[in-house]
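These notes are about the structure you will find just below.
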Amino acid sequence: ALNPNSQPRGALVVLEGLDRSGKSSQCSELLSHLQSIGCPVELWRFPDRNTAVGQMISAYLSNESNLDDHTIHLLFSANRWEKRSLMEDKLKAGTTLIIDRYSYSGVAFSSAKGLDFDWCKAPEMGLLAPDMVLYLDISPEKAAERGGYGDERYERVDFQGKVREKYQALHDASWKIVDACLPMEEVQKKLREYVVECVATCQNGRALSHLWS
Ligand code: DGP
Ligand code: NA
Ligand code: NA
């Protein structure tokens, strides 16, 4: 919805996808593109492994520590909450944020382990809702062909297949699904077009909203 009283602001754009979907490279590419056209922009990623909570998450992902599934779910969520107010300040100051993973990863990865879907969504309620979610769609088999998965906890074909199914249950009107197996330049072109349009809508005063909306 357009709110005539609201200020121009930056756009909150999230990229989601399975591991090896090419998300992180496309995030960097979008960052350079927006910079080159003079748009104030920052690239963020979740988990943010630099905070104290982020270090616990990082130890878990690299199998240096074990945590109960619910506990790690809440830590991932806390890691987003600890950045929430800075996120709002940046957007209101006119900076567009490109975010590599967000609450959708939170719900998809944890519910793929068997945790209740709605239980997984609950701690994300009240975080800022993205203006656009760009989902880089790839099958886990195709993703694994891209140099193979690494050693981190979730990087297995069978598990990634479950994650993909959970992602499908999260699609809403803010999602754009892009085929991650198209040639890199085509993926890049589509993403640029979507993001530039989204930035313009937010500059025109699109209201900020909250999850889950
Ligand atoms: P990345 O740094 O983007 O490679 O993400 C690390 C791994 O953690 C990746 O397999 C996706 C997973 N992940 C990201 N966010 C969350 C989350 O909020 N909850 C859970 N359970 N997993 C997540
Ligand atoms: Na990863
Ligand atoms: Na990644």
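The values are calculated or read from the model by the stated rules, or taken from the named source; none is laboratory data. What you see is a predicted model, and the numbers here were worked out from it, not measured in a lab. So basically every Cβ, Gly included, is an ideal-geometry build from the backbone, and we count neighbours across all protein chains shown.
Among residues of segment 58-94 being touching a residue at least 40 places away in the same chain (Cβ under 8 Å) and within 16 Å of ligand 2 (Cβ to nearest atom), the one that is nearest to the chain's Cα centre (by Cα) is Leu61. Considering only segment 12-23, I want to know if a residue exists there that is among the polar types (S, T, N, Q) and at positive phi. Within segment 12-23, none of the residues are among the polar types (S, T, N, Q) and at positive phi. Considering only residues of segment 161-188 that are surrounded by 13 or more Cβ atoms within 10 Å (Cβ to Cβ) and charged (D, E, K, R), which is farthest from Leu15 (Cα to Cα)? Once the filter is applied, the top-ranked residue is Lys162. Taking every residue in segment 138-161 that is charged (D, E, K, R) and pairing it with any residue that is modelled with pLDDT of 95 or more and within 12 Å of ligand 3 (Cβ to nearest atom), at least 6 positions away or on another chain, the pairs with Cβ-Cβ distances below 7 Å are Arg146/Arg20; Glu152/Leu61; Arg153/Leu61; Glu155/Asp19. Scanning segment 129-142 for residues that are more than 14 Å from Ser21 (Cβ to Cβ) and touching a helix residue (DSSP H, G or I) at 6+ places or on another chain (Cβ under 6 Å), we see that the one that is surrounded by the fewest Cβ atoms within 10 Å (Cβ to Cβ) is Met132. Against the condition polar (S, T, N, Q) and crowded, with 20+ Cβ neighbours inside 10 Å, how does Ser111 come out, does it pass? Yes; evaluated as a whole, the condition is true for this residue.
Restricting the first member to segment 6-26 and to residues that are closer than 17 Å to Gly148 by Cβ and in a strand (DSSP E or B), and the second to residues that are modelled with pLDDT under 95 and away from ligand 2 (no atom under 16 Å from the Cβ), no beta-carbon pair is closer than 9 Å while six or more apart or on different chains.
In segment 44-54 there is at least one residue that is part of a helix (DSSP H, G or I), on the phi < 0 side of the Ramachandran plot, surrounded by 15 or more Cβ atoms within 10 Å (Cβ to Cβ) and without any contact (Cβ under 8 Å) to a residue 40 or more places away in the chain.
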